[in-house]
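Presented below is the structure to which this report refers.
Readers should treat all values here as calculations from the given coordinates under stated rules, not as data from a laboratory. In this text the structure is predicted, and so the values were computed from the model without any measurement. Every residue, glycine as well, gets a Cβ built from its backbone with ideal geometry; the counts of neighbours run over all protein chains shown.
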């Protein structure tokens, strides 16, 4: 546990300023991410230094196909997410409180040392939403940067500008998951708004971060020509036509189990549509 950054005291607790939810948290309460709690008028990051997942992955699994391809990264995660996607693939660690899953104590120094001992060139913050454990990610990223390791962010990109700007100098690459190009869909199925995500992708790209974008095509939700077209037109219209785009296949999970997996022809059609709209590099995932 560590005192959190980015919050302000209120009359009956605190207001978290980490993400656009801006949760008002009363004494003893927690934010929507479940991992930040108000105690004695201060906000604490409960999962600091306690990863619930630690693994060595191919960098392509993030997915990042254009950053040191063929190498492996040290992947880590703590519990917590500020979205509530009905089809979450990692709900057992993202949609729970820190005390509700197994974890182990790893200091930032120990994480970086583990990557160095295994001659891994990068560390990936992944599996859940890394911005909900910003303090831990930031402290690891600073040390990793000092020792010549690359820092990889795998995220939904739902964070306020100040925390993102403070992380950017240490961030080498990011894969950002755009849930849909319709704000109503994002709010209904994921509990978040779209605009901050798009703004943050542009900020990362402008800062020189290697960006790749993932779009999980969920059957009957965001897999229409209109939705795919809106994403590609936004990318092309903002100078992101060279950014690799990953269309991923949906499988029923969590609270969205009565919907069929994405048909493969849907992904192939999305790929062709994206190419026709000027997106140069497209990958199909989960097939």
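Sort 77, 206 so the one with the fewest other Cβ atoms within 10 Å of its own Cβ comes first.
Values: 77 25, 206 12.
Fewest-to-most Cβ neighbours within 10 Å comes out as 206, 77.
Rule-of-thumb check for segment 50-180: C-alpha Rg over 2.2 N^0.38 Å?
0.98
Under Stokes-Einstein, with the Kirkwood radius over Cα pairs standing in for Rh, what whole-number D in µm²/s applies to the chain at 37 °C and 0.692 mPa s? Let's see the in-between values first.
Details: Rh = 19.3 Å.
After rounding, the answer is 170 µm²/s.
How far is helix 264-276 tilted, in degrees, relative to the longest principal axis of the Cα atoms in the chain, given as a value from 0 to 90 rounded to the nearest 10?
Its long axis makes an angle of about 80 degrees.
Give the angle, between 0 and 90 degrees and rounded to the nearest 10, that separates the Cα long axis of helix 108-117 from the longest principal axis of the Cα atoms of the chain.
Computed tilt is about 50 degrees.
Against the longest principal axis of the chain, how steep is helix 195-206, in degrees 0 to 90 to the nearest 10, with axes from Cα atoms?
Roughly 90 degrees, rounded to the nearest 10.
How would segment 2-45 be classified by its alpha-carbon gyration tensor: rounded, prolate or oblate, with rounded meaning a/c under 1.5 and the a/b versus b/c comparison settling the rest?
Rounded is the answer for segment 2-45, as its axis ratio a/c remains below 1.5.
Got the relative contact order for the chain handy, in percent, Cα pairs under 8 Å and 6 or more residues apart? Mind dumping the intermediate values first?
Working: 610 pairs, mean separation 40.3, N = 287.
With pairs under 8 Å counted, the relative contact order is 14 percent.
Given a Förster radius of 30 Å and the C-beta distance between residue 254 and residue 281 as r, what FRET efficiency does 1/(1 + (r/R0)^6) yield to the nearest 0.05?
Values: r = 30 Å, r/R0 = 1.00.
Once rounded, the FRET efficiency stands at 0.50.
With an 8 Å Cα cut-off and a minimum separation of 6 or more residues, compute the relative contact order for segment 1-112 in percent. If you can, show how the numbers build up before the last one.
Details: 199 pairs, mean separation 24.9, N = 112.
Value for segment 1-112: 22 percent.
Could you line up 221, 96, 211 from fewest to most neighbouring Cβ atoms inside 10 Å?
Values: 221 21, 96 17, 211 24.
In order of increasing Cβ crowding within 10 Å: 96, 221, 211.
Calculate for the chain the 222 nm mean residue ellipticity that helices alone would give, adding -39,500 (n - 2.57) per DSSP H run of length 4 or more and normalising by residue count, nearest 500 deg cm²/dmol. Don't skip to the answer; put the middle values down first.
Details: 8 runs with 80 residues, N = 287.
Only helices count here, giving -8000 deg cm²/dmol.
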